[in-house]
1. Say whether the condition of being β-branched (Val, Ile, Thr), over 26 Å from residue 728 (Cβ atoms) and surrounded by fewer than 20 Cβ atoms within 10 Å (Cβ to Cβ) is met by at least one residue in the stretch 544-564.
2. In contact (Cβ under 8 Å) with a residue 12 or more places away in the chain and surrounded by fewer than 16 Cβ atoms within 10 Å (Cβ to Cβ): which single residue out of 764, 671, 716, 755 fits that description?
3. Which one of these is surrounded by 18 or more Cβ atoms within 10 Å (Cβ to Cβ) and at pLDDT 90 or above: 863, 829?
4. Does at least one position in the stretch 528-536 carry a residue that is surrounded by fewer than 23 Cβ atoms within 10 Å (Cβ to Cβ), out of contact with any helix residue (DSSP H, G or I) (no Cβ under 8 Å at 6 or more places or on another chain) and not in a helix (DSSP H, G or I)?
5. Please give the number of the condition residue 314 fails out of (1) within 28 Å of residue 247 (Cβ to Cβ); (2) in a loop (DSSP other than H, G, I, E, B); (3) hydroxyl-bearing (Ser, Thr, Tyr).
6. Can you give me the number of residues within the stretch 454-478 that are modelled with pLDDT of 95 or more and under 24 Å from residue 153 (Cβ atoms)?
7. Failed condition for residue 710, given (1) crowded, with 20+ Cβ neighbours inside 10 Å; (2) more than 16 Å from residue 770 (Cα to Cα); (3) without any contact (Cβ under 8 Å) to a residue 40 or more places away in the chain, with all others met?
8. Against the condition in a loop (DSSP other than H, G, I, E, B) and surrounded by fewer than 20 Cβ atoms within 10 Å (Cβ to Cβ), how does residue 373 come out, does it pass?
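The values are calculated or read from the model by the stated rules, or taken from the named source; none is laboratory data. Predicted, not measured: the structure shown is a model, and the values here were computed from it. So basically every Cβ, Gly included, is an ideal-geometry build from the backbone, and we count neighbours across all protein chains shown.
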Amino acid sequence: MQEKYTPAEVERSAQAHWTARDAYRVTEDLSKKKFYACSMLPYPSGKLHMGHVRNYTINDMLTRYLRMNGYNVLMPMGWDAFGLPAENAAIKNKVPPAKWTYDNIAYMKKQMQAMGLAIDWSREVATCDPDYYRWNQWLFLKMLEKGIAYRKTQVVNWDPVDQTVLANEQVIDGKGWRTGAPVERREIPGYYLKITDYAEELLDHVQHKLPGWPERVKLMQENWIGKSEGVRFAFTHEIRGVDGELIGDGRMYVFTTRADTIMGVTFCAVAPEHPLAQHAARTNARLAAFIEDCKKGGTTEAELAAREKVGMSTGLVVFHPVTEEPIDVWVGNYVLMGYGDGAVMGVPGHDERDFAFALKYNLPIMQVVHVDGEHYDYKQWHDWYGDKERGVTINSENFSGFTYREAVNAVAHVLQQKGLGEKKTTWRLRDWGVSRQRYWGTPIPIIHCEAHGAVPVPEADLPVVLPQDCVPDGSGNPLNKREDFLACSCPICGKPSRRETDTMDTFVDSSWYYMRYCDPKNDKAMVAGGAAYWMPMDQYIGGIEHAILHLLYARFWTKVMRDLGLVRVDEPFTKLLTQGMVLNEAFVRTGEKAGKQYYWAHDLDIERDEHAKVISARAKDDGLPVTYEGWTTMSKSKNNGVDPQDIIEKFGADTARLYTMFTAPPEATLEWNDAALEGSYRFLRRVWNFGVKMGEGAAKADASGYGAKARALRFEVHTVLKQVDYDYQRMQYNTVVSGAMKLLNALEDFKGAAEANAAAAVREGFGILVRVLYPATPHIAQELWQQLGYAKEFGELTDAPWPSVDESALVQDEVELMLQVNGKLRGSIRVSATASRDEIEKLAAAHEETIKFAAGGSVKKIIVVPGRLVNVVVA
């Protein structure tokens, strides 16, 4: 065994050992309890970051611990390989996205292997592989058959530079997230999935079938699904189109959760795309120009909430459903055609947005809800105006004097009697648009025929393979220029036709990959026996940034697969852990022309106070001050990232793993600390040095029993082991590492080498330490296990039994009690575990520290707290 701890050699040796044994290949085994632990699918961006290291180490510790406890554990890995970043890199580097993607996969896989992760690489998938995405296409066709997938024209976010539709989340301040170009609203055809058909079940299962999920994630899911109970009703009108027919049969529908305020309606607002707005714009050039201007900007709720609310009157009127009074119709830039009916009733008296709109355009404001003790101010909004719990209706004719619920019921009844409306439940959730006008994604398996329209590709012709040699140039989807891809025959009539060039949203790829891990090589079925064995997943691990869309789509996809008879589970993920971000300090200088310039900490002279807080920072190159921005997520753009490869090369993978686990609980943010990183390395070096000092020698306890100090050591070891095992079970890995440090301290402090069976106690304690550390630092544990002969005794470390607590070691002949004199700690005393209170009091009173601090005084009282302390009160 080498004397010095050399991480590179230790890790190379351990990994060669695992590779030779194919140690992490997993098969379905009905004789064992199964456990499926999975980290969220990474995007192959080029290099791992410390967030990856933390995520995968959490998963790895869980996997190794459970395997030692007899579980059959699956820990797979793959690549979320499609998407726009690859196209952007291709444009920049003038290479096909495929090459950039596969090169990144190779490098990141090498980094993961260097971390020593217990991944079953035989199950690796890449979503850009035709063997994978053929099943995206297959399930899409099945959903098309069932009516879950459909084609329609809808208003979307359009980036005029990238020539593509943007998801709501890709519109930032009204501009495309990549190009910065003002986003336009366009009506284009695309394919949608009826996730709304599953809204009720998705919501119900959040509330009743996900007890292992964090409450905040469940709340985010509930809010996104957004169930609202209210009244849908119509304002009638006499507006006729160019064909002479009443537009919308003479009805303009709205939905409201505040039907109690219906008598306070003073205007209505419609979306720019609403038929009434379009009709009015035909003869009003100013309105037409306003509507065109409204189309500049995204369709996200966040975008609309932040945007200044502007509007223009259409000159049209509709009629109030109760009073039949005329109500002016406005076009509002804050009204979305895709939400509800594209029209809203304006109640400025009790809606903050409508209040501001009414003040801006001098529209009437009516108070129709009163709260006792409050005074209404028509010039300034107060939150109580919208209070439906305390409010009572006023100025509402027959509806006056009602509480919120009474008023809603009464209004709904009247509207239903008139045939104008009824109670209805609506949802914030919208059907999932999966069409993307991009190249690097799953081709949508549709053929366009002049005679037969959009025709599904026959199942036997799947996959529709994406050409991998396209080099995007930023001028739109390059598939539109690939005749070898476009040209095909209609499956119905055989005539020359064209392939669909839209590709699928990459959320499709990540919605079911975890099921494909279960049957990765099956070319006959999307999922099969592997999914029946492994699903549902027992533990899912990933960032909070995926708490809404990815998890929602994965849950929807699972339910669709269930309804198609592919799987038997309702929910894919039994438990969810959202690990905290890895943070580092950021330093920035903001210039008038140059914008923000971030600095690496090593390029600065930083002054700190006694608590290590930054006082000031100056750039080394020019000596000018730089602003401390505080702790923020590591990123390349902020020059505050830490490359895991640098850590591995300097300190070893085990140090990187140990540090990320020790510094904070898995769910908490981790603030980077170079000194703590080096401290983790020093600890591992101490572990190695102790192993070298102890040596391999056989050390079995004989019948003579343990000496007093050896018994004390075993008590400490098994006490810590009991806590560590509990911490492993609840995934509190930072305290697991603390426990390992306590074990090493106890072993190093042991002074009873001459006692009976002392060597056996030390060897047992170190063997427990190695196994406790193994899930966190597998390389050093593997080498110590082999070199010190533990493998001969317990077998391979990967499958060695988890150490069990010896309850007899926790039974003490003696106990140590803290000794206090007049409430101040003055030492300790050791007493028999069976000592009576009288015996303890006599020992405490006669103790030299008691006599010393009594200073001649007399003992007035002795207080004994069993098992903990004794306090001698003297006067």
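1. Here is the first cut: in the stretch 544-564, the residues β-branched (Val, Ile, Thr) are 544, 548, 558, 560.
Subset that is over 26 Å from residue 728 (Cβ atoms): 548, 558, 560.
With surrounded by fewer than 20 Cβ atoms within 10 Å (Cβ to Cβ) added as a condition, the list becomes 548.
Yes, some residue in the stretch 544-564 is β-branched (Val, Ile, Thr), over 26 Å from residue 728 (Cβ atoms) and surrounded by fewer than 20 Cβ atoms within 10 Å (Cβ to Cβ).
2. On the way: 764 fails: surrounded by fewer than 16 Cβ atoms within 10 Å (Cβ to Cβ); 716 fails: surrounded by fewer than 16 Cβ atoms within 10 Å (Cβ to Cβ); 755 fails: surrounded by fewer than 16 Cβ atoms within 10 Å (Cβ to Cβ).
Exactly one residue qualifies, and that residue is 671.
3. Numbers: 863 fails: surrounded by 18 or more Cβ atoms within 10 Å (Cβ to Cβ).
Only one candidate passes the filter, namely 829.
4. Residues of the stretch 528-536 that are surrounded by fewer than 23 Cβ atoms within 10 Å (Cβ to Cβ), as a first pass: 528-530, 532-533, 536.
Restricting the remaining residues to those that are out of contact with any helix residue (DSSP H, G or I) (no Cβ under 8 Å at 6 or more places or on another chain) gives 528-530, 532-533, 536.
Then drop every residue that is not not in a helix (DSSP H, G or I), which leaves 528, 536.
Yes, because at least one residue in the stretch 528-536 is surrounded by fewer than 23 Cβ atoms within 10 Å (Cβ to Cβ), out of contact with any helix residue (DSSP H, G or I) (no Cβ under 8 Å at 6 or more places or on another chain) and not in a helix (DSSP H, G or I).
5. For residue 314, the failing item is (2).
6. Residues that pass the stated criteria total 5.
7. (3)
8. Details: in a loop (DSSP other than H, G, I, E, B): yes; surrounded by fewer than 20 Cβ atoms within 10 Å (Cβ to Cβ): yes.
So residue 373 passes the test.
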